[in-house]
Amino acid sequence: MKKIWQLGFLLTMAFVLLVGCNQSETQKLSTGKSEKTTQTTDKTATYPMTVKDALGNEVEFKEEPKKIVSLIPSNTEILFALGLDDKIVGVSDNDDYPKAATKKEKVGDMEFNVEKVLSLKPDVVFAHESSAKMVESGLQQLKDAGITVFVVKNAASFEETYDTIKQLGQITNQPQKADQIVAGMKVKVKEVQDKVANVKQRTAFVETSGEPEIYTAGKGTFMQEIFDLANIKNVVDDQSGWFKIDPEQIVKRNPDTIIVMEDEKYFPNIVEKVKQRQGFDSITAVKNNAVVKVDQNLTARTGPRLAEGLEEVAKAVYPEAFK
C-alpha cells in the first residue's frame, strides 16, 4: 500500500510541476484593521498575521504557533530545520527524517486520523496542496473544531521551495532561521554547479518505479530542473511530465548513467536487477557500471535537503568531479 502511495504522490506532484512557475509568493500580513503586503523575508513576525495558503484561503494566525501537526514529510523536514522540534506534536506515518520525527505521535498516512489530530490539540495543522483534495473532508472537520489549517504550496522548483521555507519561517516566527536555510541551500547549489560547469556533458535516465511499470521524468518536472542545474542531458526530455516507459525505449536511448530511485523495501537489489534486464547489457550505463542508486526522498521532498539531492544526482553522473 505504501508503494502505491509513493508512486501516486510522485505522479500527483508531476502534474502540478507541469503548470508550476518560478514566481515567489507575496504574503499579506495584517494587524488589526491595518493591512500591508510584505515579502516572507521580514526579520520579525507580527501577530495577528493573515497569510494566503496554496488554495487561496486567507488563514489567520492570532499568535505564534505553539503546538504543530504536519501531514506530509516535506513540511515536517522544513519545520524541524527551523528548530521547532519542541513544538511539533504530530507527524504523518511516512515521516522518517530527521530521526526526531520518528519519535513524534503519528497521525496516519495520506488519509490522516482526524480523531488523533484532534486529541493532540494543535494550534495549527500544516497540510499540503498535493493531497488537499483527497483529505478535504478531514481538513474541514479540523477547521470546524476550531483548529487552524494551512495548506502549503506544492513547490514546483527550487525557487518555490525557497519561498515555502521562508513562508513557514514567517508563520512560525523563525524568519531569520528560514533565511539561513535558504542561503545554505543556494551555496550548495552553486558549489555543485561550479564542479560540473566544465565537464563534458553526459546523458542520464532516471526511474522511480521498476518493472513491470517503469516510470521516469521528462521536461517540466522537478527532476528536469535538477538535471539542468547539474549539466546533465535527460534522454527523455522530448516528453513531458512523469510517464511510463517501455524497457526497449530505455535501451534505444542508451543513457550514459541510469539513476534508480526505487524504495529498496519494495525493489530489493534494484541496481543489479536493472543491469540484468533483457537487452540492457548493450546500454552504456550498464557497460560502464554506471547504474546508481539515489535516495528519492532527497529529490521528491521539497525541503531543506533538496540541494543535497542535486549533489547526489550530479555525483551519480559525474563522480570524478566530486573527488
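The values are calculated or read from the model by the stated rules, or taken from the named source; none is laboratory data. Computed from a predicted structure; not experimentally measured. Cβ coordinates were reconstructed from backbone atoms using ideal geometry, including for glycine residues, and neighbour counts include every protein chain displayed.
Within the range 56-110, considering only strands (runs of 3 or more DSSP E) that don't extend past its boundaries, which have at least 3 residues that are over 17 Å from Thr302 (Cα atoms) and in contact with a Ser or Thr (Cβ under 9 Å, 6 or more places away or on another chain)?
So the answer is 58-61.
Of all the residues in the range 70-110, those that are touching a Leu at 6+ places or on another chain (Cβ under 8 Å), touching a residue at least 40 places away in the same chain (Cβ under 8 Å) and among the hydroxyl-bearing types (Ser, Thr, Tyr) number 1. Taken over the range 229-244, the criterion of being surrounded by fewer than 20 Cβ atoms within 10 Å (Cβ to Cβ), in contact (Cβ under 8 Å) with a residue 24 or more places away in the chain, touching a Lys or Arg at 6+ places or on another chain (Cβ under 9 Å) and farther than 18 Å from Thr284 by Cα is satisfied by Ser240, Gly241. Here Glu159 clears all of (1) closer than 24 Å to Asp256 by Cβ; (2) within 18 Å of the chain's Cα centre (by Cα) except the condition numbered (1).
If you filter the range 211-228 down to residues that are touching a residue at least 24 places away in the same chain (Cβ under 8 Å) and surrounded by fewer than 18 Cβ atoms within 10 Å (Cβ to Cβ), you find that the one that is farthest from Val286 (Cα to Cα) is Glu213. Among the residues of the range 102-147, those that are touching a Gly at 6+ places or on another chain (Cβ under 9 Å) and among the charged types (D, E, K, R) comprise Lys104, Glu105, Lys106, Glu111, Lys116.
Right, Ile226: assigned to a helix (DSSP H, G or I), among the aliphatic types (A, V, I, L, M) and under 21 Å from Ala307 (Cα atoms) or not? It is true that Ile226 is assigned to a helix (DSSP H, G or I), among the aliphatic types (A, V, I, L, M) and under 21 Å from Ala307 (Cα atoms).
Look at the range 180-192: where a residue is surrounded by 14 or more Cβ atoms within 10 Å (Cβ to Cβ) and a partner is of a type in the set (Gly, Ala, Ser) and not in a helix (DSSP H, G or I), sitting 6+ places away or on another chain with Cβ atoms under 7 Å, you get Val192/Ala230.
So which residues in the range 308-323 are under 26 Å from Tyr97 (Cα atoms) and among the hydrophobic types (A, V, I, L, M, F, W, C)? Across the range 308-323, the qualifying residues are Leu310, Val313, Ala314, Ala316, Val317, Phe322.
Of the helices (runs of 4 or more DSSP H) lying entirely inside the range 229-323, those containing at least 2 residues that are touching a helix residue (DSSP H, G or I) at 6+ places or on another chain (Cβ under 7 Å), closer than 18 Å to Tyr215 by Cα and not assigned by TED's automatic domain parsing to the domain that holds Lys153 span 270-275, 297-300.
If the condition is being touching a helix residue (DSSP H, G or I) at 6+ places or on another chain (Cβ under 8 Å) and at positive phi, then the range 96-147 contributes only Gly108. With respect to Arg277, determine if the residue is among the basic types (Lys, Arg), crowded, with 16+ Cβ neighbours inside 10 Å and within 18 Å of Val192 (Cα to Cα). Answer is no for this residue.
Among the residues of the range 85-105, not a single one is surrounded by fewer than 19 Cβ atoms within 10 Å (Cβ to Cβ) and under 17 Å from Lys166 (Cα atoms). Scanning the range 191-208 for residues that are more than 17 Å from Leu298 (Cβ to Cβ) and in a strand (DSSP E or B) turns up Arg202, Thr203, Phe205. Filtering the range 121-140 to residues that are surrounded by fewer than 17 Cβ atoms within 10 Å (Cβ to Cβ) and in contact with an Asp or Glu (Cβ under 8 Å, 6 or more places away or on another chain) leaves only Met134. Whether any residue in the range 296-310 is modelled with pLDDT under 95 and more than 30 Å from Val187 (Cα to Cα) is what I want to check. Checked the range 296-310: no residue is modelled with pLDDT under 95 and more than 30 Å from Val187 (Cα to Cα).
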